[in-house]
Amino acid sequence: MVNAPMDSRLTRLESREDFLELRARAQSRWQNLWEGGQTVVSVGIGSSSIAKGALTVLDTCRAELGNVATIREVSGNGAFWMEPWIEVRRPGEPPVVYGQIEPTDVVAVFNGECDDLAVGVRGDTPLGNIPSLNEHPFFKDQLQVISRNAGVIEPDSIEDAIARGAYDGYFKVLFELSAEEAIAEVTAANVRGRGGGGFPAGIKWESGRKARVTERYVVCNSHEGEPNVYKDRHLHECDPHRILEGILIACIVCGAERGYNYIGGEYPLAIRRFRQAVADAERLGLIGKNVLGTGKNVAFRVRTGGGAYICGEASAMMFSIMGVRGQPRTKPPRSVEEGLWKRPTIANNTETLANIPDIIVNGGEWFAGLGTESSKGTKLMTVQGPLARHGVVEVEMGMTLRQLLDNVFGGMAEGYTFKGVQTGGVSAGPLTDQHLDIPVDFDSLGDVGGMLGSGGWVIFDESVNVVDFARYLTAFNRYESCSKCVPCRLGNPALVEILDRIRFGRGTMDDLTLIQRTSKHIIELSLCGLGQVAPVPLLGMMEHFPDEFAHAVKYGTVAAPPLSLAAD
Amino acid sequence: MANAESAHVVLPVPAPYTGRQEIDLDIVRELVSHFTFDDFEEAQELILSALQEVNEHFGWVSPEAAQIVAQQLNTTVNRVFGLLTFYADFRTEPRGHHHMLICHGMACYVMGSQALVQEVQDRFGIDDGETTGDLQISIQVVNGCLGVCDKAPVVKIDDDYHGPVTPEELTSLLHRAVEGHGAMREERMSNGQRSHG
């Protein structure tokens, strides 16, 4: 039976040959699934589709179709607009994806009576008058590299992942490449940190490997506390083995004895699926002592955060793992010299590490061929607001903002007019109409006051008052400040206070100068990245929409101070 | 100004809950019993995870429960409470029978979540992290993101997501939750069990 529980078959692999045999078995099982005589129904289950009732759809499929088809629980594919979706593969036909399914539609869809719900065919060949999904504007301009397994494999199945190439890179660093060669590939790929900093991973690894203390760690930073980013959550939900493989490769290459993954506690499904991946990998002996008979040891721990934005900062994250308050510390020493438990620690973002397996397998040259001169590869983007389509997308670096918004996300939703886009989460300024032809990469956006950040951007429309919006962004930083250093702890509340004064119609033009001066103090005197960029969104709003601020000073933006706000 | 004030005059606003409620400590002991460790470092790494488990089960962590976590992991209750008050996910006060998350991420803000927070303040007299006096409803304003941005503005009442919602819809959703599922929740509470999504 194709869909037999895999647990019974997961026995410890003792050697190189054992792994190759398992891979061959997994591949033939995968091929059999798609070329055999059975009907396969896959339901996309992710945090976003669960919110739209996908679990009920899955239950209905199991109850109604369990006897006649193989039911698979795959992950979401990033296309939030078509959730909940199911994919039906009939014998001899390519799989067809049906979107916005109600539980009551399931049987009719299965019987082929609801072709109007068909979104497209997964793969390149159309079926009858159902076009290929790759021709859909949402997918057409995407380049899915690290998210190519999204909605395809069962995230809980290590065999699915291995059949699709998981642990090939790990295998390569264990048996074929020396540590120097592997780091050379990563350096040649010039893969830069995807968490917002943009620091080249190769350099970090090199210094981590050269650290004089031999006991060292690799930490994957999967904490996203920004108010609009969920790319790492998506990646954990759809392909946990890719992230795990990236961390394990880093451990072997940098000579680290233990890998960590620090996941935000607000993502129960991501945590569950990742823990499952770790458990399966342990059972296969890919984690543990004497991995595949090579004599190398790798341990692994999953740690979860508690919902503090500041824990995305590397030193704060390490404090959080060590079970204290997540407050950043002064640097140097950098964490590659003195990190977790005062030992050298290599900390990378999830998305960065997820790129590593492909770089090791295909070579750094291949990766360097993607993207622009200074920003290589692809980027996961989550853009929200009043847009026609929503989702997590993966695009090649260098695509223009206009292409991204109009083609992939389908432009503005009906009835909304574009006013601007807040880039870089809460760490950068907004961009307006005039900036839409700028390419999306690490450097170009910085020139105009924007920022790639971790790829979570928000579109705002004409109905949004920028003074209120700036207050919201500043208030976010006030709330998330860890209170360790004074400029950030007191400066951000001061900014909110000034903004409230303006909003309630009691501001003067001097207040705008005061904002500039206070912001300067916060930016220059704060200890960590959060404080240093906290006033930037506000300053950007003031730069791009000076008229609205002047208008607000004169007339205010809200009729009266809401009573409960006056107190805080 | 006039509107806001008259709204407060007309509607009976229950005071926030300030009373005491107990957590069954035997359950806490059982929950944290599997947090075993080999060395001092590992014990410290486990504090947050243990607290998360307790918080998820009961919806909050009482001082007594924090003491048990501290004992299990060889640390002090001060240390544990320092973590509870720093990380936003933890609550040190009991939750209502119905717990509502209002997503206040940027996408939801752009689509009007501020009005939802205001509505709850006006109608139910509770702010972020508070519980109504009758212990029916507690709210948490999520400063991060619930990740369902195509439904913005989104609220999550108990296990169900609703969106996009207007302030009026929110009030009726809350009333419906209190009336409809009250009995079922009562039962669950009395068993010391709490569902989490």
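The values are calculated or read from the model by the stated rules, or taken from the named source; none is laboratory data. Keep in mind that this is a model prediction, so the values were computed, not measured. Ideal geometry is used to build each Cβ from the backbone, glycine not excepted, and the neighbour counts take in all protein chains shown. These area figures cover heavy atoms from the full protein model, side chains too; ligands, DNA and RNA do not enter into them. Shrake-Rupley method; radii C 1.70, N 1.55, O 1.52, S 1.80 Å.
What to note about this one:
- Qualifying GluC sites (Glu not before Pro) for region A:304-387 [loop in DSSP, other Cβ within 10 Å: at most 13]: A:Glu373
- Top positive-direction residue, dipole computed over region A:466-565 with Cβ charges, set A:Asn492, A:Gly540, A:Met509: A:Asn492
- Of A:Gly446, A:Gly429, A:Val458, farthest towards positive along the dipole that unit charges on Lys, Arg, Asp, Glu beta carbons give region A:378-461: A:Val458
- Across chain A, the mean sequence separation of Cα contacts (distance under 8 Å, 6 or more residues apart), normalised by length, yields a relative contact order of 13 percent.
- Expressed to the nearest 5 percent, the antiparallel share of DSSP beta bridges inside region A:378-461 is 80 percent.
- Mean sequence separation of contacting Cα pairs (under 8 Å, at least six apart), scaled by the length of region A:378-461, corresponds to a relative contact order of 36 percent.
- Alpha-carbon Rg/Rh ratio, for region A:261-343, with Rh computed the Kirkwood way: 1.05
- Using a Förster distance of 22 Å, the FRET efficiency for A:Arg212-A:Val361 (Cβ separation, nearest 0.05): 0.10
- Values of log10 I(q)/I(0), in the order q = 0.12, 0.18, 0.25 Å⁻¹, for region A:35-92 under a Debye, Cα-only, solvent-free model: -0.27, -0.57, -0.94
- DSSP bridge pairs, chain A: antiparallel proportion in percent, nearest 5: 50
- Gain upon complete extension [A:Thr330, A:Ile203; 0.36 nm per residue less C-alpha separation]: 43.6 nm
- For region A:436-504, the set of GluC sites (Glu not before Pro) satisfying both a DSSP loop assignment and a count of at most 16 other C-beta atoms within 10 Å is given as A:Glu462.
- Its relative contact order, with pairs defined as Cα atoms under 8 Å and 6+ residues apart, puts region A:60-110 at 34 percent.
- Nonpolar atom fraction for the protein assembly as shown, defined as the carbon and sulfur part of the 1.4 Å probe accessible area, stands at 50 percent.
- Over region A:184-309: Rg over Rh, Cα atoms, Kirkwood Rh: 0.97
- At an R0 of 22 angstrom, the distance between the Cβ atoms of B:Thr36 and A:Arg301 translates into a FRET efficiency of 0.95.
- Between the Cα long axis of helix A:486-503 and the first principal axis of chain A there is an angle of about 70°, rounded to the nearest 10.
- Across peptide A:267-275, the average count of Cβ atoms from other chains found within 10 Å of a residue's Cβ is 1.
- Simple Cβ-charge dipole of region A:158-367, Lys/Arg +1 and Asp/Glu -1, about Cα centre, in debye nearest 20: 840
- For peptide A:228-234, the mean count of partner chain Cβ atoms within 10 Å of a residue's Cβ comes to 4.
- Size descriptor for chain A, Kirkwood hydrodynamic radius: 25.0 Å (Cα pairs only, one decimal).
- Each Lys and Arg adds +1 at its Cβ and each Asp and Glu adds -1 at its Cβ; summed about the Cα centre, chain A shows a dipole of about 2220 debye.
- Within the same chain, aspartates and glutamates fewer than 8 places from A:Lys484 are excluded, and of the rest, those with a Cα less than 17 Å from its Cα are A:Glu313, A:Glu524.
- Geometric descriptor of region A:378-461, per residue, is 73 Å³ (volume of the convex hull of the Cα atoms).
- Residues of type lysines that B:Lys151 reaches as a straight line, Cα spacing below 21 Å, ignoring anything fewer than 8 places off in the same chain: A:Lys52, A:Lys231, A:Lys419
- Rolling a 1.4 Å probe across the protein heavy atoms gives the protein assembly as shown an accessible surface of 38 Å² per residue.
- Considering only beta bridges that DSSP places wholly inside region A:158-367, some 10 percent are antiparallel.
- Accessible surface of B:Leu83 - all protein chains present, 1.4 Å probe, nearest 10 Å²: 0
- Each Lys and Arg contributes +1 and each Asp and Glu -1, all at the Cβ; summed about the Cα centre of region A:466-565, the dipole is approximately 280 debye.
- 1.4 Å probe, heavy atoms, protein only - residues of region B:71-111 losing at least 30 Å² accessible area vs chain alone: B:Arg79, B:Leu83, B:Phe86, B:Tyr87, B:Ala88, B:Asp89, B:Met106, B:Ala107, B:Tyr109, B:Val110, B:Met111
- On Cα atoms only, tilt of A:179-189 relative to the major axis of chain A in degrees: 60
- Interface size A-B, as summed buried accessible area [1.4 Å probe, Å², nearest 100]: 4100
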